[in-house]
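Here the structure comes first, spelled out in structure tokens, and everything after it is commentary.
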Amino acid sequence: MSRRNLSLLLITALCLIVSLFTVPVFGAEKGDDSKTSKKQKLFKKKSHLIKDLRFGDFPLVTDFQGDKTKLQKYTTEVLQEQYKATPRVFSSAIPYGLALIDLDQIDKAYDVFDQAEKDFIGNPTPKAYKGWVLGSTGDYQKAYEYLYPLAKEKYDAGVIGFSSGIWLAPHIDAVLGLALIKDKLPQKEKENATVILDEVMKYFKKQPKFAAINAADDINKGNFEEAKKKIEYVKSIGQDYPLLDTFLGVISYAEGDFEESLKHFDIASETNPYSPTNHLMRARTLLALGEKEKALDSIDLALEYDPNYEFASEEKQKILNPKKSFFSVLAGIFTRDSKQN
């Protein structure tokens, strides 16, 4: 038997062995709708992405509808000048610090809130956003030390009702920041955070930032319909938020409806064009639609807005250096062998 025929026989035998031991994903049986099976595979493979929401997904200054050019101009011409003139006035320091965070000028923002913490002792705002800055730079333990006490204060007061007082922006963002770093904390701190987050999220279904966290949790568990209900409820009462459209896109993506998915990601991009998660998931959808170059462009945007986004870096490498399948390797061996003979 020639080497060429021997290679062909080997490939055929291996293919037969693989087919005998291949089990359908999620227990799909013969006759299952192929589209449904595809949806299940996509969910199993991709749902982990939204577990790593980024601080950049949640802009703190919403007056400029995601237009950083306008925000930069306003910050330079107005907020910065006000801060220079009255650095120890609350209404000068806090807006300036928040704008710096959204403009990714993290070192400057840290300095502003570090000083504000000293100037406004007892006020939760500087602590909340100092914790936010620390979390966004990856110092999760230190961020926890700032965010957890603020969240626990509301938890101990009963979360809702007269004793808990008014939930101001720093309280909401402290809880949100805690949710964003929870899975990166040591086990004990993670358990502490989970107790508070579970209780808070239960009572604030109308709050769009908390609704986003709740929807992400449902999507991670595969509860797409429940996630849709929560998102649509918030939208119906006029409390929309860009990330909610991103999650609708994630659901459509997981269900295999890539055209619909892309529509949602494009809508989210209009109001929050700097969301790393939205750009990454948009890239995955474009790749599924065969738009490789556009997908790479979208991933590059995710990395531009969050250089530490590991999932985006990994996804880019997968596109640039795709793994060869088992059969393509065998085919390569067969082709090389044929040429030699």
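Values in this text are rule-based calculations from the coordinates and carry no lab data. Nothing here was measured: the structure is a model prediction, and the numbers come from that model.
Please state the equivalent ellipsoid semi-axes for segment 104-185: what are the square roots of 5 times the Cα gyration tensor eigenvalues, largest first, in whole Å?
Equivalent ellipsoid semi-axes, largest first: 21, 16, 9 Å.
Quote to one decimal, in nm, the extra length available between Ala157 and Gln80 on full extension: 0.36 nm per residue of separation minus the C-alpha distance between them. The partial results should precede the final answer.
Numbers: separation 77, 0.36 × 77 = 27.72 nm, distance 3.68 nm.
So the chain would gain 24.0 nm between Ala157 and Gln80.
In bins 5 Å wide, starting from 0, what share of all Cα pairs of segment 138-214 does each bin hold, as a percent?
Over segment 138-214, the share of Cα pairs per 5 Å bin runs 3, 17, 31, 27, 15, 6, 1, 0 percent.
Each residue of segment 280-296 in turn: what ³J(HN,Hα) in whole Hz from Karplus with 6.51, -1.76, 1.60 and θ = phi - 60°, glycine and Pro shown as x?
5, 5, 5, 5, 5, 5, 4, 5, 5, 8, x, 9, 4, 5, 5, 5, 5
Quote to one decimal, in nm, the extra length available between Gln317 and Thr62 on full extension: 0.36 nm per residue of separation minus the C-alpha distance between them.
Working it through step by step, the gained length comes to 88.5 nm.
Would you kindly give the portion of the calculated P(r) for segment 205-341 that falls above 18 Å, as a percent of all Cα pairs? It would help to have the intermediate numbers written out before the result.
Numbers: 5667 of 9316 pairs.
That tail contains 61 percent of the Cα-Cα pairs.
Write down the Å³ per residue value for the convex hull defined by the alpha carbon atoms of segment 239-317.
In segment 239-317, the Cα convex hull volume per residue is 81 Å³.
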